[in-house]
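Laboratory data are not the source of any read-out in this text; all were calculated from the coordinates shown. What you see is a predicted model; the values in this text were computed from it and never measured. With ideal geometry, Cβ positions are generated from the backbone for all residues, glycine too; neighbour counts draw on all protein chains shown.
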Amino acid sequence: MTTLQPVTPPALEHAINTCLEKDPDARWQTAHDVLLELKWIDHAGSGAGAPAVTSRKRRIRERGAWMIAASALIAAAAIAAWHFATKQTPRLIHASIVAPDKAVFAFEAPNGPMALSRDGKRMAFLALSEGKNLIWVRSLDASAAQPLPGTEGAVFPFWSYDGRYLGFFAGGKLKKISSSGGPPQVLCEVGPQPRGGTWNADDTIVFSASARDSLSRVSAAGGTAVPVTQLDQNASEYSHRYPWFLPDGHHFLYLSQSFAGGPERNKIYAGSIDSKEKKLVALANAPAVYSPPGYILFVRDRTLMAQRFDPKRLQTIGDARPVAEQIQYFTGTSLAVFSVSDDGTLAYHNGAGSNERLVFLNRNGTVAQETNVTGDIVGPRLSHRGDRIVYALLDQQAGGGDLWILDIGRAVTTRFTFETGDETNAVWSPDDSRIAYSGEQRQGFRDIMVKLSSGAGASEVLFSSPALKFVTDWTRDGRYIIFQQADPKSKTVNDVWAFDVQKKTAAPVVQTRFNEVQGTVSPDGKWIAYISDATAQNEVYVQPFGSAGGQWQISTGGALWPQWSSNGKQLYFRGFDSKLYAVDVETAPTFRVSTPSALFPMRSRVAPGGRGWQVTDDGKRVLVDQALQDEVPVPISVVFNWAGQLKK
């Protein structure tokens, strides 16, 4: 004030500065307090607090300035008194939300994170209950969440701008449903594996229709979707995903994924519904969301970061700062499990890893034998002789995993791989002398590796390509290693491939416009079973291996990870209800299967890093990486006024 208004009396300047104090307790508390202060200044003279005597002309000038400043002060004090009486500085509050009774959160990579409504009053999330994956809605001031019937099989829920509706993907369609319940409405068709949506105030929805496509837009009333971004072939882009509208309702953030160099080449862009122009915002391998009054939130090395962001200039400001650690993150899909609202509410899920034990179960689900192997286990595979188990043991802190081998008879575990990357999806050669697996030799890409099962010598790269590859089988004749990969030259997400061990070449076995994964060949080498989402839901299919022929759908209620019996007369798979199923198979004179029969429910994990179970060759037992009974499910963490912690 002294610099801007040198004629302001010191006492009045003190009163004004008191009004502008940053500490609420140091301000005048009411307009009446200000009025009393002004009366005192007037009674004491405008020069109260001033040591020198002034001239008459200056006193007149000072008196006028005093009256103007006093008027402004009264107005400012009145506004301040109202403001601070009605809006106190929000406190930083932490809370937790547990999963609904008899349900578990379903944040796995295909499903998507929780979604906070724009006003921060409600949360939508996916949870699995009684074999059904549904959207649940919970008011943050309520004690329980409620399921939304009609959202079975939903993925990636997101709120309308006004909070009246939820958008989601199910059955190959983008749908919306009233947040209070009712029948869902189909908005448009989508492709396989959609990756999120966002809804603005003008009822325009921007969404990812497929994991291998650009972003599209459609009216919230439904209609024909049109592209709103364009993949840059020169940059080897293959996916635009996880859109998030910015405050103007025209621009949005999204994640661009590229085959050129792996995750370090993935980027956050700002796009627009008015043109296909884009602006680079940051290098990142996770979605970014905007949070008023001017931050973007994203995950880096499983730490949630906040960085100042100018939504008008579409650029970051300053350095990013940590907000929360150990955020659940899925590397294969670059998905981080968190959400934020406009009122400063933050929700996230910690992913400290699973805790399982390798056990053998009888065909009725009872425990036949426990092993001494515990931890975050993925993809156990029993050797053909039945004396050893190879498995991946994940280290969530390091963000990767290594292969280990258990000698069952001696109860001794030995580390098998020592590479710096991530090694998963191990399979045994027919004579158990070698192990093939998926190895992350280059960040973001996985190659097919092989190593002597004795552990001697170094690993050998069998097949390399700029894509994620997951090994799923090694044929009984030793000729082919079956794996799945996303071919950079195709528009499909994943296809089943075979690597010819003799010729050192690879070729697709099942490649359509849909996703085909988890291929496994029958013991006689004539048939291949695999998972396809041709019906917009993962199901088991069988077709001839290496020759033309028909295709048979085996499951109907959703399935994962098929396995042939050792004699080829049965086919096993895990249902979406987490039960192990068996199907009788006849191949002559024609291919025929029985109705699937449920054996027992399993508590094994569902992960891209390998099947979580295996039926033994004699068919009497099942090896399972079983979740420990005493494991406490991780709740959702909620932070009110999350930005307040940045001021500490």
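Which trypsin sites (Lys or Arg not before Pro) in the range 130-182 sit in a loop by DSSP (not H, G, I, E or B) and have at most 16 other Cβ atoms within 10 Å of their own Cβ?
ARG164
Using mean Cβ contacts within 10 Å as the protection proxy, how do 425-433, 372-380, 205-213 order, highest first?
Output ranking for 425-433, 372-380, 205-213: 205-213, 372-380, 425-433.
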Quick calc: nm separation of the 7 Å Cα→Cβ label points for LYS526 and ASP343 -> 6.6
By the Cα gyration tensor axes a ≥ b ≥ c (a/c under 1.5 gives rounded; else a/b larger than b/c gives prolate, otherwise oblate), the shape of the range 212-344 is oblate
Between THR512 and LYS279, the two model label points (7 Å from Cα along the beta-carbon direction) sit apart by a distance in nm of 4.4
Rh (Kirkwood, all Cα-Cα pairs) for the range 356-627, Å, reads 18.6
Around GLY558 (Cβ within 14 Å, Cβ-to-Cβ, excluding GLY558; K/R +1, D/E -1) the net charge comes to -3
Expected sort for 266-279, 468-481 on mean C-beta neighbours within 10 Å, highest first, is 468-481, 266-279
